[in-house]
Amino acid sequence: MAANDSIKKTITVTVLLCVVCSVVVSAAAVLLKPQQVSNKELDRKSNILSAAGISEPGKSVDELFAQITTKIVDLETGKFTDAVNVATYDAIKAAKDPARSIKLDRQDDIASIKRQARYMPVYLVQDGNQIERIILPVHGYGLWSTLYGFLALEGDLNTVVGLGFYSHAETPGLGGEVDNPAWKALWPGKKVYEEGTMDPILHLIKGNVNPSSADAAHQIDGLSGATLTSNGVSNLVKFWLGENGYAPFLANLRAGGV
């Protein structure tokens, strides 16, 4: 009888302990949710500013981000839209929702993302009506993971300001070198398009770019020992700056038709 009581007490204590722990964990998750959301938003802004090369000692991220205007682009029309709330829209979640995204044909899906959100946010740095810089969200598959980042262009909508990835799981020391400041420093000044076209030709090559090459303006040093990640970066740039991505929008922007 005593043994049975001992077993019952053990089970009771275990169950109560599990319930208490569950309540504590759940309460912590609920209480910390606003802070997690705030930190995520701060990180997003920081990465956008970093890609755009915007920094100023003594100013907070929110102060610097105040100079950036966020708008939503309808990728089908290549024009700005008010179809979704710019303050709450999440393109990554939308891409996973069949009602808010399109399934890409295999031949078009060079970035291996499978589905593409119908609407994408873009971030503008303006002086009056003049666009000084534009920051575009991009993503595509590397070797082990989908790389999510931002590509910033000058007001000519062709010259790269910077590229940065804020989320990926590529191999440290190989594909993970996409985070290396020295490699990211190779991007500013490069040209996405050949003059007079909207067909992106900027890509990573095997080895180092020859500065005297006629194609140097459209080439980036490949990531040593990470061919598949290098190909993934080239493909995501080609996809998002191409006809199935932002090219129609950028063409409209150049023509003043957005």
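None of the figures in this text is laboratory data; all of them are computed from the coordinates on show. No experiment lies behind these values; they were computed from the predicted model shown. Cβ: placed from backbone, ideal geometry, glycine included. Neighbour counts: every protein chain shown.
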| query | D for region 100-205, whole µm²/s, Stokes-Einstein with Kirkwood Rh over alpha-carbon pairs at 37 °C and 0.692 mPa s: what number? | reply | 214 µm²/s
| query | How much net charge surrounds Ala51 when only the other residues with a Cβ under 10 Å from the Cβ of Ala51 are counted, with Lys and Arg +1 and Asp and Glu -1? | reply | +2
| field | Karplus (6.51, -1.76, 1.60) ³J(HN,Hα), θ = phi - 60°, over region 127-133, in Hz, Gly and Pro reported as x | value | 10, x, 8, 8, 7, 8, 8
| So what's the back-of-envelope 222 nm ellipticity for the chain, counting only DSSP H runs of four-plus at -39500 (n - 2.57) apiece and dividing by all residues, rounded to 500? | -11000 deg cm²/dmol
| query | What is the order of Ile220, Ile135, Ile72, Ile7, fewest Cβ neighbours within 10 Å to most? | reply | Ile7, Ile72, Ile220, Ile135
| If you line up the long axis of helix 2-51 against the longest principal axis of the chain, both from Cα atoms, how many degrees apart are they, to the nearest 10? | 20 degrees
| task | Report, in cubic angstrom per residue, the convex hull volume of the C-alpha atoms of the chain. | result | 201 Å³
| Of all the stretches in the chain, which is the longest one without any exposed loop site, taking trypsin sites (Lys or Arg not before Pro) in a DSSP loop (any state but H, G, I, E, B) with at most 15 other Cβ atoms within 10 Å? | 115-205
| query | If the cut-off is a Cα-Cα distance under 29 Å, which lysines reach Lys40, setting aside same-chain residues fewer than 8 apart in sequence? | reply | Lys59, Lys71, Lys79, Lys93, Lys96, Lys103, Lys114, Lys184, Lys238
| task | For region 48-176, evaluate the Debye formula with one uniform point scatterer on each Cα (no solvent term) and list log10 I(q)/I(0) at q = 0.21 Å⁻¹, rounded to two decimals. | result | -1.39
| Distance from region 188-216 to region 219-258 (C-alpha centre basis), Å | 11 Å
| Hz values of 3J(HN,Hα) by residue in region 86-97 - Karplus curve (6.51, -1.76, 1.60), Gly and Pro given as x | 4, 6, 10, 5, 10, 5, 5, 5, 4, 5, 8, 9
